[in-house]
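The values are calculated or read from the model by the stated rules, or taken from the named source; none is laboratory data. Just so we're clear, the structure is a prediction, and the values are computed from it rather than from any experiment. Here the Cβ positions follow ideal geometry from the backbone for every residue, glycine too, while neighbour counts run over all protein chains shown.
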Amino acid sequence: MFRLQAAACQRLGSTMYAELLAGLADDLEAGGPTSVVLRGHEDDPGPSGLALRLAGSLHRLTLAGKAPELAGLYPTTGGTWDSHGVEEVVGFLSRRADEVRPLLDRAPQTNEVGRAAALVGGLLALSERWRLPVRLFEIGASAGLNLQADRFRFTHESGTGWGDPAAPVALLGAWRGAVPPVDAGLEVVERGGSDLHPLDVTTEDGRLTLTSYVWPDMTARHARLAGAIGLARERPVPVEAADAASYVDRLTVVPGTLTVLWHSVMWQYVPREQRARVGTRLAALGAQARGDAPLAHLAAEPTRRTPEAPHEFWVCAETWPPGSEREFLATMAPHGIPVSWE
Ligand SMILES: C[S@@+](CC[C@H](N)C(=O)[O-])C[C@H]1O[C@@H](n2cnc3c(N)ncnc32)[C@H](O)[C@@H]1O
């Protein structure tokens with residue numbers, strides 16, 4: 001599992017974690033300190049992401065200033081990774097196993113600000129169609145960072161942009177292909193979100209949690225995250241603790257507004273029964289929707305064309321009236337950027 005994760009980190013752009021996790025795999029096989037720290041976790045299921053839990057635990061201690069001997073290796077604390085760092089980390093694990101072990105029980109949680117490029121492009125397309133103020137709701141919102149995406153800046157590779165040019169979150173060159181309708185007059189008048197385990201980034205614990213699970217050498221992701229946390233601290237968007245189905249059950253449509261339910265990379269975690277409830281509720285709400293009170297379901301989620309095919313990330317929308325047809329808008333990279341519009 002560590003070796004598979006190392007290869008995945010390499011593919012997604014983290015040389016540091018590719019080298020670190022491969023080095024920790026060697027140490028595990030040799031029965032070194034890594035195997036002592038992970039004792040009892042040998043049979044943890046693959047999707048629980050043990051390698052990323054261990055890497056996130058080490059990153060958290062470093063970010064919190066509790067591992068000064070590792071700070072020089074982590075770009076997030078001003079350091080520079082070097083492949084000899086594996087020895088330093090293994091040495092740290094041999095000395096500080098008792099501090100690392102309790103952190104392994106935390107589930108990795110992220111809130112990927114880059115995915116706002118997909119969500120906002122879709123929202124612009126919906127806004128252009130309906131030309132109404134938007135009520136925006138999100139399920140699986142994590143810390144709710146993308147619920148403030150209308151305060152970010154986005155640009156197409158051609159240079160066309162949308163949003164405040166001075167915004168602290170700038171997703172430059174994020175859009176490819178067709179240019180989203182930047183003159184749609186998008187205005188968000190109400191916003192809210194929910195998550196099974198919401199994170200509060202106005203607290204240091206919430207900030208550390210989100211930051212520690214972003215791979216340390218992915219500096220652009222860290223810059224986006226820090227910008228979005230700064231915005232959230234200025235004007236927090238509350239995220240309720242609720243599962244997807246209970247939250248959608250409470251949504252309404254309101255005349256004179258476009259109601260949007262959006263989500264990104266969370267649907268795979270929603271149990272089948274809850275997914276069915278979300279579908280039933282959206283169909284019922286859709287039946288109440290009118291031209292002056294429309295409803296849209298905008299999703300940026302992984303999918304497979306056939307059961308054997310690799311995952312692709314599609315941005316799709318369904319709108320009511322009339323509903324019943326899912327419209328394909330774009331594909332995005334796993335962390336959002338780039339987004340290629342149809
Ligand atoms: C991979 S994260 C994605 C977070 C965010 N949507 C993003 O794109 O950055 C998945 C999120 O879904 C949440 N989640 C998992 N199952 C859920 C459920 N049944 N209802 C609501 N949220 C759920 C998790 O707590 C987590 O915050």
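Of all residues in region 316-327, none satisfies being in a loop (DSSP other than H, G, I, E, B), within 17 Å of PHE137 (Cβ to Cβ) and either at pLDDT 95 or above or of a type in the set (Ser, Thr, Tyr) (or both). Residues that are within 9 Å of the ligand (Cβ to nearest atom) and in a loop (DSSP other than H, G, I, E, B) within region 195-248 comprise LEU196, HIS197, PRO198, LEU199, ALA242, ASP243, listed in sequence order. In region 287-311, the residue that is surrounded by the fewest Cβ atoms within 10 Å (Cβ to Cβ) out of those that are in contact with a Lys or Arg (Cβ under 9 Å, 6 or more places away or on another chain) and modelled with pLDDT under 95 is PRO310. Scan LEU119, LEU63 and give me the residue that is crowded, with 24+ Cβ neighbours inside 10 Å, among the hydrophobic types (A, V, I, L, M, F, W, C) and touching a residue at least 60 places away in the same chain (Cβ under 8 Å). Sole residue among the options that is crowded, with 24+ Cβ neighbours inside 10 Å, among the hydrophobic types (A, V, I, L, M, F, W, C) and touching a residue at least 60 places away in the same chain (Cβ under 8 Å): LEU119. VAL189 meets the conditions (1) outside any loop (DSSP other than H, G, I, E, B); (2) loosely packed, with under 14 Cβ neighbours inside 10 Å; (3) touching a residue at least 60 places away in the same chain (Cβ under 8 Å); (4) within 16 Å of the ligand (Cβ to nearest atom) in every case but one. The failed one is (4).
Among residues of region 119-145 being closer than 12 Å to ALA184 by Cα and within 16 Å of the ligand (Cβ to nearest atom), the one that is nearest to the chain's Cα centre (by Cα) is VAL120.
Results for (1) more than 13 Å from the chain's Cα centre (by Cα); (2) basic (Lys, Arg); (3) away from the ligand (no atom under 13 Å from the Cβ); (4) in a loop (DSSP other than H, G, I, E, B), shown as yes or no for each residue.
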{"residue": "THR110", "(1), (2), (3), (4)": "no, no, no, yes"}
{"residue": "GLY114", "(1), (2), (3), (4)": "no, no, no, no"}
{"residue": "ALA117", "(1), (2), (3), (4)": "no, no, no, no"}
{"residue": "LEU147", "(1), (2), (3), (4)": "no, no, no, no"}
{"residue": "ALA167", "(1), (2), (3), (4)": "yes, no, yes, yes"}
{"residue": "ASP183", "(1), (2), (3), (4)": "yes, no, yes, yes"}
{"residue": "GLY193", "(1), (2), (3), (4)": "yes, no, no, no"}
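From TRP175, TRP130, TRP162, which residue is free of Cβ contacts under 8 Å to residues at least 60 places away in the same chain, assigned by TED's automatic domain parsing to the domain that holds GLY291 and not polar (S, T, N, Q)?
Values: TRP175 fails: free of Cβ contacts under 8 Å to residues at least 60 places away in the same chain; TRP130 fails: free of Cβ contacts under 8 Å to residues at least 60 places away in the same chain.
Step by step, each of TRP175, TRP130, TRP162 is checked, and only TRP162 is free of Cβ contacts under 8 Å to residues at least 60 places away in the same chain, assigned by TED's automatic domain parsing to the domain that holds GLY291 and not polar (S, T, N, Q).
Looking at the structure I just gave you, is ARG277 in the same structural domain as HIS156 (by TED's automatic domain parsing) and either within 16 Å of the ligand (Cβ to nearest atom) or crowded, with 20+ Cβ neighbours inside 10 Å (or both)?
Values: in the same structural domain as HIS156 (by TED's automatic domain parsing): yes; either within 16 Å of the ligand (Cβ to nearest atom) or crowded, with 20+ Cβ neighbours inside 10 Å (or both): yes.
Yes: the conditions hold for ARG277.
Let's see how each residue does on (1) in the same structural domain as LEU208 (by TED's automatic domain parsing); (2) crowded, with 17+ Cβ neighbours inside 10 Å; (3) within 16 Å of the ligand (Cβ to nearest atom); (4) in a helix (DSSP H, G or I):
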residue	(1), (2), (3), (4)
LEU70	no, yes, no, yes
LEU73	no, yes, no, no
THR76	no, yes, no, yes
TRP81	no, yes, no, no
GLU87	no, no, no, yes
VAL90	no, yes, no, yes
LEU93	no, yes, no, yes
ARG96	no, yes, no, yes
ARG101	no, yes, no, yes
